[in-house]
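Undergrad: Have a look at this one before I ask anything.
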Amino acid sequence: TVFITQFTIQCGGSRAAMALNEALVIAYETNPRLLAARRSLGITNESVPQAYAKWMPSLTLSTVGSKTWKETIEGGAPGDKDQSLSKSATLSFSQNLYRGGRNFTELRKARLSVSSMRASLSDTEQTVLLDAVTAFMDVVRDAKIITARKKNIGLLQQRLKTTEIQFDLQRRTAADLAQAKAHLAEGNADLASAKSNHQTSIANFKKIIGKAPLNKLAPPEFKIDLPKLRKTAVLAATNDHPKILKAELDVKIAKEDVKLKEGARLPTLSFSNSYGTSLDKTRGTPPETDTTTLTSSLTLSMPLFQSGSEISEIRVAKKTVYQRRDELREKVRNVRQEAVSAWETLLSNKKRIKSLRIQSDAAEIAQNNIAQELEVGRRTVQDLLDADKAVLTAKLNFVRANRDFTVSAYRLLSAIGTLNPQTLNLPIYKHHDLEKNLRETEYNLLDTSVK
């Protein structure tokens with residue numbers, strides 16, 4: 001994929017970028033949803049040794065020991081007493097030689113299932129990282145909103161104090177004084193709401209990332225490389241998104257299921273061998289009997305009719321293939337739509353930031369001019385209060401737009417399937433080697449311990 005367009009946000013120092021990276025690393029290592037997805041992959045990995053086990057022989061040792069007492073009573077008087085002892089031990093070995101080709105099919109299906117689960121894990125990683133970025137930027141946004149509203153309250157308090165002095169000097173009316181008080185009360189109410197929103201964002205931060213933001217979070221400074229054209233973003237999403245990869249693998253898994261069901265109608269061949277010894281001894285009879293038996297057999301089984309259920313199972317497997325293909329087409333459409341949506345949202349937010357910057361500058365100019373015109377009697381207190389509110393609204397909208405732009409940039413990375421630690425260059429402290437985990441599992445047929 002070719003990335004050539006570069007969007008840059010500069011809102012703070014280099015330390016802020018590390019704050020964001022630190023939050024993403026913590027979420028990557030400790031988020032319960034992501035941990036559960038890794039566990040799910042570990043469970044799926046076990047299907048590989050289970051498939052290998054179908055190739056392996058089985059060895060069984062069985063022993064039986066019995067002792068019998070027999071007493072005959074004739075005419076109410078004790079008669080003869082017999083005692084017998086029997087012991088036996090058998091060592092059995094069996095090996096499947098041919099199962100209708102299902103051994104190969106089960107192994108292929110197991111490996112495809114592992115790949116499918118890896119794609120699902122990659123998609124979960126993207127979701128968690130995007131949630132973490134959103135939670136981080138929500139806290140940054142709300143903190144800036146609180147700062148702006150506190151500054152606005154200070155300004156409104158100054159406006160009220162000035163209006164009260166001028167009211168005492170009979171230069172302002174009671175309506176002017178009431179309007180100043182009303183705007184200050186509104187500012188206090190908005191500040192209380194902003195603080196509540198900030199606490200809600202912190203709670204969501206704890207849920208996603210796993211710990212509270214101990215220090216003040218500064219807006220990050222970073223660069224994100226994104227596709228130059230919308231069609232490039234759509235192509236990248238179609239080629240790289242883990243949702244599409246998983247859907248393609250699910251189609252292949254469904255095809256292997258068809259082969260498994262068809263293999264149940266094919267002949268099977270197995271070999272078995274058993275070695276056994278037995279000892280029988282009865283008191284009062286000739287010497288004990290010691291028997292040794294060695295049995296070998298080769299069994300060929302050909303299913304002729306299995307009540308017809310296997311025929312239905314084959315049809316179900318074939319219909320599942322068609323279903324998985326339809327699901328793949330749906331995933332492709334959804335991913336392409338999400339890529340277009342994310343691209344347009346990012347482009348819109350970029351233009352919005354430029355417009356809001358112009359609006360903010362213009363609102364401040366208007367505020368200064370209205371304040372001067374108020375001194376000469378060409379404006380009213382309400383005009384100045386409205387100008388103050390316009391400046392505050394423009395600044396708050398600019399803060400929200402910066403947050404939205406940052407989140408939409410990460411959302412586009414997620415939409416094209418590249419929102420991962422490698423793309424973000426995260427300093428991961430504990431690397432998860434998926435191939436190593438599989439190698440440690442696939443030939444482990446003796447150890448029951450887990451990590």
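Undergrad: Among the residues of region 149-159, are any under 30 Å from Tyr410 (Cα atoms) and under 46 Å from the mean Cα position of the chain (by Cα)?
TA: Yes, region 149-159 has at least one match.
Undergrad: For region 422-429, does any single residue satisfy the condition of being in a helix (DSSP H, G or I) and open to solvent by 80 Å² or more (accessible area, probe 1.4 Å)?
TA: Looking through region 422-429, at least one residue is in a helix (DSSP H, G or I) and open to solvent by 80 Å² or more (accessible area, probe 1.4 Å).
Undergrad: If a residue must be under 21 Å from Leu35 (Cβ atoms) and among the aromatic types (Phe, Trp, Tyr), how many such residues does region 408-451 contain?
TA: 1
Undergrad: Looking at Leu445, Leu413, which one is touching a residue at least 40 places away in the same chain (Cβ under 8 Å), open to solvent by less than 90 Å² (accessible area, probe 1.4 Å) and under 17 Å from the mean Cα position of the chain (by Cα)?
TA: The match here is Leu413.
Undergrad: Now, a different point. Just for region 20-53: of the residues that are in contact with a Gly (Cβ under 8 Å, 6 or more places away or on another chain) and among the polar types (S, T, N, Q), which one is farthest from Lys246 (Cα to Cα)?
TA: The extreme case among them is Thr30.
Undergrad: Out of (1) touching a residue at least 40 places away in the same chain (Cβ under 8 Å); (2) open to solvent by 80 Å² or more (accessible area, probe 1.4 Å); (3) in contact with a Phe, Trp or Tyr (Cβ under 6 Å, 6 or more places away or on another chain), what's the single condition that is false for Leu269?
TA: Status for Leu269: all satisfied but (2).
Undergrad: Okay, next question. Leu91 versus (1) assigned to a helix (DSSP H, G or I); (2) touching a residue at least 40 places away in the same chain (Cβ under 8 Å); (3) more than 30 Å from Val258 (Cα to Cα); (4) of a type in the set (A, V, I, L, M): which is the lone unmet condition?
TA: The one condition Leu91 does not meet is (1).
Undergrad: I'd like to know if region 52-75 contains one or more residues that are surrounded by 11 or more Cβ atoms within 10 Å (Cβ to Cβ), in a helix (DSSP H, G or I), at pLDDT below 95 and over 23 Å from the mean Cα position of the chain (by Cα).
TA: yes
Undergrad: Residues in region 203-219: is at least one surrounded by 14 or more Cβ atoms within 10 Å (Cβ to Cβ), within 27 Å of the chain's Cα centre (by Cα), in contact (Cβ under 8 Å) with a residue 12 or more places away in the chain and more than 23 Å from Thr30 (Cβ to Cβ)?
TA: Among the residues of region 203-219, at least one is surrounded by 14 or more Cβ atoms within 10 Å (Cβ to Cβ), within 27 Å of the chain's Cα centre (by Cα), in contact (Cβ under 8 Å) with a residue 12 or more places away in the chain and more than 23 Å from Thr30 (Cβ to Cβ), which makes the answer yes.
Undergrad: Looking at (1) closer than 30 Å to Arg315 by Cβ; (2) loosely packed, with under 15 Cβ neighbours inside 10 Å, find the lone condition where Gly154 falls short.
TA: (1)
Undergrad: Looking at (1) assigned to a helix (DSSP H, G or I); (2) open to solvent by 70 Å² or more (accessible area, probe 1.4 Å), can you tell me which one Phe305 breaks?
TA: With (1) assigned to a helix (DSSP H, G or I); (2) open to solvent by 70 Å² or more (accessible area, probe 1.4 Å) applied to Phe305, the lone miss is (1).
Undergrad: Still on this structure: Specify which of the listed residues (Ala264, Ala317, Ala339) is small (Gly, Ala, Ser), under 28 Å from the mean Cα position of the chain (by Cα) and open to solvent by less than 80 Å² (accessible area, probe 1.4 Å).
TA: Selected residue: Ala339, the only one of Ala264, Ala317, Ala339 that is small (Gly, Ala, Ser), under 28 Å from the mean Cα position of the chain (by Cα) and open to solvent by less than 80 Å² (accessible area, probe 1.4 Å).
Undergrad: Restricting region 10-40 to residues that are polar (S, T, N, Q) and outside any helix (DSSP H, G or I), which is modelled with the highest pLDDT?
TA: The extreme case among them is Asn31.
Undergrad: Would you confirm, using the coordinates I've provided, whether Thr291 is at pLDDT below 95, part of a strand (DSSP E or B) and surrounded by 11 or more Cβ atoms within 10 Å (Cβ to Cβ)?
TA: So Thr291 fails the test.
Undergrad: Which residue out of Arg171, Arg159 is open to solvent by 80 Å² or more (accessible area, probe 1.4 Å) and either hydroxyl-bearing (Ser, Thr, Tyr) or more than 27 Å from Phe136 (Cα to Cα) (or both)?
TA: None of the other options fit; the residue is Arg171.
Undergrad: May I pose another question? Which ones in region 39-51 are farther than 30 Å from Gln95 by Cα and surrounded by fewer than 16 Cβ atoms within 10 Å (Cβ to Cβ)?
TA: Result: Arg39, Ser40.
Undergrad: Taking the options Lys243, Lys228, Lys181, Lys252, name whichever one is basic (Lys, Arg), more than 30 Å from Thr345 (Cβ to Cβ) and in contact (Cβ under 8 Å) with a residue 24 or more places away in the chain.
TA: Exactly one residue qualifies, and that residue is Lys252.
The values are calculated or read from the model by the stated rules, or taken from the named source; none is laboratory data. Since the model is a prediction, treat every value here as computed from it, not as a measurement. Cβ coordinates were reconstructed from backbone atoms using ideal geometry, including for glycine residues, and neighbour counts include every protein chain displayed. Calculation scope for accessible area: heavy atoms of the full protein, side chains included, ligands and nucleic acids excluded. Shrake-Rupley method; radii C 1.70, N 1.55, O 1.52, S 1.80 Å.
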